[in-house]
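Notes follow once the structure below has been shown.
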Amino acid sequence: IRCWSNIPFITMPLSRAHGKSFAHRSELKHAKRIVVKLGSAVVTRGDECGLALGRLASIVEQVSMLQNQGREMMIVTSGAVAFGKQRLRHEILLSQSVRQALHSGQSQLKDMAIPVLEARACAAAGQSGLMALYEAMFTQYSICAAQILVTNLDFHDEQKRRNLNGTLHELLRMNIVPIINTNDAVVPPPEPNSDLQGVNVISVKDNDSLAARLAVEMKTDLLIVLSDVEGLFDSPPGSDDAKLIDIFYPGDQQSVTFGTKSRVGMGGMEAKVKAALWALQGGTSVVIANGTHPKISGHVITDIVEGKKVGTFFSEVKPAGPTVEQQGEMARAGGRTLAALQPEQRAEIIYRLADLLTDQREEILLANKKDLEEAENKGRLALPLLKRLSLSTSKLNSLAIGLRQIAASSRDSVGRVIRRTRIAKDLELEQVTVPIGVLLVIFESRPDCLPQVSALAIASGNGLLLKGGKEAAYSNQILHHLTQEALSIHGVKDAVQLVNTREEVEDLCRLDKLIDLIIPRGSSQLVRDIQKAAKGIPVMGHSEGICHVYVDTDASVEKVTRIIRDSKCEYPAACNALETLLIHRDLLRTPLFDQIIDMLRVEQVKIHAGPKFASYLTFSPSEVKSLRIEYGDLECCIEVVDSVQEAVEHIHKYGSSHTDVIITENEETAEFFLQHVDSACVFWNASTRFSDGYRFGLGAEVGISTSRIHARGPVGIEGLLTTKWLLRGDNHVVSDFSEHGSMKYLHESLPLPQRNIS
C-alpha cells in the first residue's frame, strides 16, 4: 500500500510480462494496463448538439470499477472538436443582433448560414469543458483524473517521448486516470505516406493512431476502441450480406470491404483496423466494439475485460479449426442436406453409428479412462458427476440398442403429412413435418449424451452443435469422430459439429442467427444460466427435477418400498429421482411407515423432515430449509399430507412439473391424481425413474422438457420437428374467391397417406 497526499491506494504488479498479445478472449481478464479509446460518435449525441452525458457517465463508471479492482486505466478521448464546434455555433447564433435576425425574416432565420468553423479553434473552445466534465464524473468515484494533450512531435522527439512516458507512469503510480487527447488546437496536418512504416513509426493523425501509439509506448495489455458500430464487418455495416467478424487476424484485410467514416470525428473503420494491427504487432491486444448501443454500452467495457464475446477481437493466433460461427453455418448447410436424404439413408447412418459404438468400444473406453483419471487427479468432480462421466461396456451396448430403436422409428419422421385439406377445386393444402433447423445441445459430464443426441438430430434431419464439458474432452472427441464417420457414408459429415473452441456458454447463447433451439443437459444451475443467457433463442428443458412420490392410505405394502427404493436409490443423481416423499397422515406410526423408514436407513438415505412431519415427532430429523430442493444424492424430504387433494396442492406449490407418482390400490384416487397433477409425467404405481426417453421407447432423448409449448416430458424425435405448409394450385388467385368471383372455398378434409409402420 502506497500513500500520496494522505490518500492510500493499492498498487499491483503486472499480471504478465509484456511483449506478446493475448491469444484468446478468455485471457483478457488478466489485463492489468488498459487503454480505452472513445470515438467522437461515442462522446457526442446523435444530433451533434451536445455530449452524450448518460453514455459518458456509464463509461466513467466502468473505468472506475476496473481502476478500483487494481487495474491501470487510461482514456484516449475524442470530442473536443465536436464539443467546441457546438459551443462556438451557439455563441455565433447568440451574437447575431436582434435587428439582423428580424431583418432576415422568420423564414430565412431557420436557414441562417453558420460560417465554417476552423477545427483548431473548435478544439481550443472544447478541451477545457470536456476535461471539466470528466473530472466531475470521476470525482463521484473518488478517482482523480489528469489531462494530457499530445501531438505527433511528442512521439518523434526522443526527449519529449521520455517525458510523456515518465508523466504517464507517475500518474498511474499515483492511481490517477490519465485522459489523453491530441492537441488539435496546434496539431499540424499529418504528413503524407508516413503511416505504418514499421513497428516504431505510426503517424498520430487521429485518436485511433494516438491510442495505438500510446498503448505500445506504455506496454499496455489491452486497447479497447469504442465506436458507433458493433465491430469490424466483412462488408459495410447495413449491407445485406454484412457479417460481424468475431476474431480478426493479420492478413485478413483483403477479405474486408471498408465503408465510409463515422458521422463525426476524423477516422473511419479502416483507420481503426490499421491502428489495431499496429498495436497488435507491438504486443497489445485490441477489441473494437460499439460504445453507443443503449442495451450494451452500460457494460461493454467490463464485458470485454471479462472475456465475453463483444465486438471484434484482434488476435495473432489463428485456431486450427473453424470458428463457432463457421461451424454453425456448416451445421445449417449439412442439416439441410441431411433432411433431403431418404429416410432409409438417415436410418443407415444411425445403424452405422450404433455398430461403431460396439466395434470401437476399446478406443472409447480408453479415452474415457483418461477423462476419469484427470478428473480424479484434479478432484474437481463430485462422486455423482464421476458416475455420469464413466462409460462401460454395458453402457455402450445399451447406447447401441437405443440408437437402433431410433433408426427403426425414424423412417417416417421428416416429411410426414399430418393434415390434408382441399381448399378448392385443384387447390390442395398439406401440413408436413420438417426439422427445426440447427440445435445447440450443451451437456455436462455425460459423454453418452453425444451419440444419443446426434442420432436424434440425424433422424429428425437437424443440424447440430454440441458443447460438452471439458471434463469429458477425450470421450467427446472420439465419440464425435465416430459420429462424423457414420455421417460420411452419405456425405453429410458437417451436419454434426463439436465446439472445441474456448467459447463461453453465454456467448453461444447469443448466436440467434445461427441457432434455432438450445437444449441444456446438466445441472439445474446450468439450465438456469442458459435460460437467463439465451437472447432470442428458445430453450427446451427443465431447471429442476423435484420429483414427488405420494403414498396413499390404500397403498400396497409390497409395492411401496420397492417403488420408493427404485425412485430414490437406483440413481440418486438423475433428474427423475425422488426428492420429496409425501405420506398420508393416517399411515404415521403404522408398520408400513416403519418399513419405509427402515428401508431408507438401510440404503443410507439421509432424511429431512418437512414442517408438518416434524410436528408429529418428538425427536425429528433435521428440518428442511425449503420444500423445493433437488438433492441429487442419497437424501430426501418426508412430508405429511391429509389427503390426495393436499398432495396435489403440495406438488403444484413446491414441485418442478417434472415427474410425480402416486402409490395406491384405489383406482378412483389414482385417476384423480393422474388427471389433476399438472406435470410432464404423472405415474400410478411405477417408479419416477421410468421418466426417460429410452424407457418410453423413444430410443433416446435430448432431454426432459417441463415447458408447456411444443414438447413436454422426455423429448425424442417428435420433439425435434416442426411443420410447414405446402399448397399446390393451378393458376389460383384470391380474387377468384371474392363475393362475385368464380370459385368457392371447399375446406374438405382429405385422408392422410398410409404411414410406413415397418
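Every residue in segment 502-513 that is at pLDDT 85 or above and either open to solvent by 30 Å² or more (accessible area, probe 1.4 Å) or over 16 Å from Val438 (Cα atoms) (or both), please.
Once the filter is applied, which keeps residues that are at pLDDT 85 or above and either open to solvent by 30 Å² or more (accessible area, probe 1.4 Å) or over 16 Å from Val438 (Cα atoms) (or both), segment 502-513 yields Asp512, Lys513.
Would it be correct to say that Val644 is touching a residue at least 12 places away in the same chain (Cβ under 8 Å) and touching a His at 6+ places or on another chain (Cβ under 7 Å)?
no
Could you tell me which of the residues Glu739, Glu701 is under 22 Å from Ala408 (Cβ atoms) and charged (D, E, K, R)?
Being under 22 Å from Ala408 (Cβ atoms) and charged (D, E, K, R) holds for just one of Glu739, Glu701, which is Glu701.
Can you tell me which of (1) at pLDDT 95 or above; (2) surrounded by fewer than 22 Cβ atoms within 10 Å (Cβ to Cβ); (3) touching a helix residue (DSSP H, G or I) at 6+ places or on another chain (Cβ under 6 Å) is the one Leu674 doesn't meet?
Of everything listed in (1) at pLDDT 95 or above; (2) surrounded by fewer than 22 Cβ atoms within 10 Å (Cβ to Cβ); (3) touching a helix residue (DSSP H, G or I) at 6+ places or on another chain (Cβ under 6 Å), Leu674 misses just condition (3).
Restrict the check to segment 577-595 and report whether at least one residue is part of a loop (DSSP other than H, G, I, E, B) and surrounded by 15 or more Cβ atoms within 10 Å (Cβ to Cβ). Spell out how you get there, then give the answer.
Of segment 577-595, the ones part of a loop (DSSP other than H, G, I, E, B) are 577, 588-590.
With surrounded by 15 or more Cβ atoms within 10 Å (Cβ to Cβ) added as a condition, the list becomes 577.
So far as segment 577-595 goes, yes, one or more of its residues are part of a loop (DSSP other than H, G, I, E, B) and surrounded by 15 or more Cβ atoms within 10 Å (Cβ to Cβ).
Among the residues in segment 710-717, are any modelled with pLDDT under 95, surrounded by fewer than 14 Cβ atoms within 10 Å (Cβ to Cβ) and either over 20 Å from Asp426 (Cβ atoms) or of a type outside the set (S, T, N, Q) (or both)? I'd like the intermediate steps shown before the answer.
Going through segment 710-717, the residues modelled with pLDDT under 95 turn out to be 710-717.
Those left that are additionally surrounded by fewer than 14 Cβ atoms within 10 Å (Cβ to Cβ): none.
No - not one qualifying residue is present in segment 710-717.
Residue pairs, Cβ under 7 Å, 6 or more apart or interchain, first in segment 648-662 and free of Cβ contacts under 8 Å to residues at least 40 places away in the same chain, second surrounded by fewer than 22 Cβ atoms within 10 Å (Cβ to Cβ). List them.
Qualifying pairs under 7 Å: Val648/His676; His652/Asp678.
Under 7 Å by Cβ, and 6 or more places apart or on different chains, what pairs join a residue from segment 516-538 that is closer than 19 Å to Pro714 by Cα and assigned to a helix (DSSP H, G or I) with one that is of a type in the set (S, T, N, Q) and open to solvent by less than 50 Å² (accessible area, probe 1.4 Å)?
Matching pairs, first to second residue: Ser524/Ser543; Val527/Ser543; Arg528/Ser543; Gln531/Ser543.
Given the criteria among the hydrophobic types (A, V, I, L, M, F, W, C) and under 30 Å from Pro538 (Cβ atoms), does Leu750 qualify?
Working: among the hydrophobic types (A, V, I, L, M, F, W, C): yes; under 30 Å from Pro538 (Cβ atoms): no.
Here the answer is no, as Leu750 does not meet what is asked.
In segment 7-44, which residue that is at pLDDT below 90, β-branched (Val, Ile, Thr) and in a strand (DSSP E or B) is most open to solvent (accessible area, probe 1.4 Å)?
Ile7
Condition (residue is in contact with a Leu (Cβ under 6 Å, 6 or more places away or on another chain), more than 22 Å from Gly693 (Cα to Cα) and not assigned by the TED database to the domain that holds Asn462) applied to segment 577-600: is it met by at least one residue?
Looking only at segment 577-600, we keep the residues that are in contact with a Leu (Cβ under 6 Å, 6 or more places away or on another chain), and these are 593.
The next check asks that each one be more than 22 Å from Gly693 (Cα to Cα); those that pass are 593.
Right, trim to not assigned by the TED database to the domain that holds Asn462 and you get 593.
Checked segment 577-600: at least one residue is in contact with a Leu (Cβ under 6 Å, 6 or more places away or on another chain), more than 22 Å from Gly693 (Cα to Cα) and not assigned by the TED database to the domain that holds Asn462.
Pick from segment 615-651 the residues that are assigned to a loop (DSSP other than H, G, I, E, B) and among the hydroxyl-bearing types (Ser, Thr, Tyr): which of them is farthest from the chain's Cα centre (by Cα)? Steps first, please.
Taking segment 615-651 as the starting set, the residues that turn out to be assigned to a loop (DSSP other than H, G, I, E, B) are 616-622, 624-634, 642-643.
Add one more test, that the residue is among the hydroxyl-bearing types (Ser, Thr, Tyr), and what stays is 616, 618, 620, 622, 626, 631, 643.
Values: Tyr616: 48, Thr618: 50, Ser620: 45, Ser622: 39, Ser626: 30, Tyr631: 27, Ser643: 44 Å.
By that ranking, first place goes to Thr618.
Any residue in segment 318-327 that is open to solvent by 40 Å² or more (accessible area, probe 1.4 Å), outside any helix (DSSP H, G or I), charged (D, E, K, R) and at pLDDT 90 or above?
no
At least 3 residues that are of a type in the set (Gly, Ala, Ser) in each: list the helices (runs of 4 or more DSSP H) lying fully within segment 345-413 that qualify.
Values: elements: 361-378, 383-389, 393-409.
Filter on segment 345-413 gives 393-409.
Tell me, please, whether a residue that is more than 28 Å from Asp494 (Cα to Cα), free of Cβ contacts under 8 Å to residues at least 40 places away in the same chain and open to solvent by 60 Å² or more (accessible area, probe 1.4 Å) can be found in segment 408-422.
no
Take segment 690-705 and flag every residue that is at negative phi and surrounded by fewer than 22 Cβ atoms within 10 Å (Cβ to Cβ).
Phe690, Asp692, Tyr694, Arg695, Phe696
I'm checking my understanding of the structure. Among residues of segment 482-500 that are open to solvent by less than 40 Å² (accessible area, probe 1.4 Å) and β-branched (Val, Ile, Thr), which one is farthest from the chain's Cα centre (by Cα)? I'd like the intermediate steps shown before the answer.
Residues of segment 482-500 that are open to solvent by less than 40 Å² (accessible area, probe 1.4 Å), as a first pass: 482-484, 486-487, 492, 495-499.
With the extra rule that they be β-branched (Val, Ile, Thr), the set shrinks to 483, 492, 496, 499.
Values: Thr483: 25, Val492: 27, Val496: 19, Val499: 13 Å.
Among residues in segment 482-500 that are open to solvent by less than 40 Å² (accessible area, probe 1.4 Å) and β-branched (Val, Ile, Thr), the one farthest from the chain's Cα centre (by Cα) is Val492.
Go through Ile59, Ile75 for me and flag whichever is in a helix (DSSP H, G or I) and open to solvent by less than 20 Å² (accessible area, probe 1.4 Å). Talk me through it step by step, then tell me what you get.
Numbers: Ile75 fails: in a helix (DSSP H, G or I).
Among Ile59, Ile75, only Ile59 is in a helix (DSSP H, G or I) and open to solvent by less than 20 Å² (accessible area, probe 1.4 Å).
Could you go through segment 225-243 and let me know if any residue there is at pLDDT 75 or above and more than 30 Å from the chain's Cα centre (by Cα).
No: segment 225-243 contains no residue that is at pLDDT 75 or above and more than 30 Å from the chain's Cα centre (by Cα).
Just to verify a result, which residue in segment 434-461, among those that are of a type in the set (S, T, N, Q) and open to solvent by less than 10 Å² (accessible area, probe 1.4 Å), is modelled with the lowest pLDDT?
Ser445
What are the residues in segment 652-670 that are in a helix (DSSP H, G or I) and farther than 17 Å from Ala686 by Cα, if any? If you could, list the steps in order and put the result at the bottom.
Applying the first criterion (in a helix (DSSP H, G or I)) to segment 652-670 yields 652-654, 667-670.
Selection gives His652, Lys653, Tyr654.
Quick test of your reading of the structure: Leu153 fulfils all but one of (1) of a type outside the set (Asp, Glu); (2) closer than 20 Å to Asp208 by Cα; (3) surrounded by 16 or more Cβ atoms within 10 Å (Cβ to Cβ); (4) modelled with pLDDT of 75 or more. Name the failing condition by number.
Every listed condition holds for Leu153 apart from (3).
Might you check whether a residue that is open to solvent by 30 Å² or more (accessible area, probe 1.4 Å) and more than 24 Å from Glu373 (Cβ to Cβ) occurs anywhere in segment 394-404? Steps first, answer last, please.
To start, the set of residues in segment 394-404 that are open to solvent by 30 Å² or more (accessible area, probe 1.4 Å) comprises 394-395, 397-398, 401, 404.
Cutting the leftovers down to more than 24 Å from Glu373 (Cβ to Cβ) gives us 401, 404.
Yes, there is a match, as at least one residue in segment 394-404 is open to solvent by 30 Å² or more (accessible area, probe 1.4 Å) and more than 24 Å from Glu373 (Cβ to Cβ).
The values are calculated or read from the model by the stated rules, or taken from the named source; none is laboratory data. Since the model is a prediction, treat every value here as computed from it, not as a measurement. Note: ideal-geometry Cβ built from the backbone for every residue, glycine included; neighbour counts use all protein chains shown. Remember, those area values only see protein heavy atoms, side chains included, never the ligands or the DNA or RNA. Shrake-Rupley method; radii C 1.70, N 1.55, O 1.52, S 1.80 Å.
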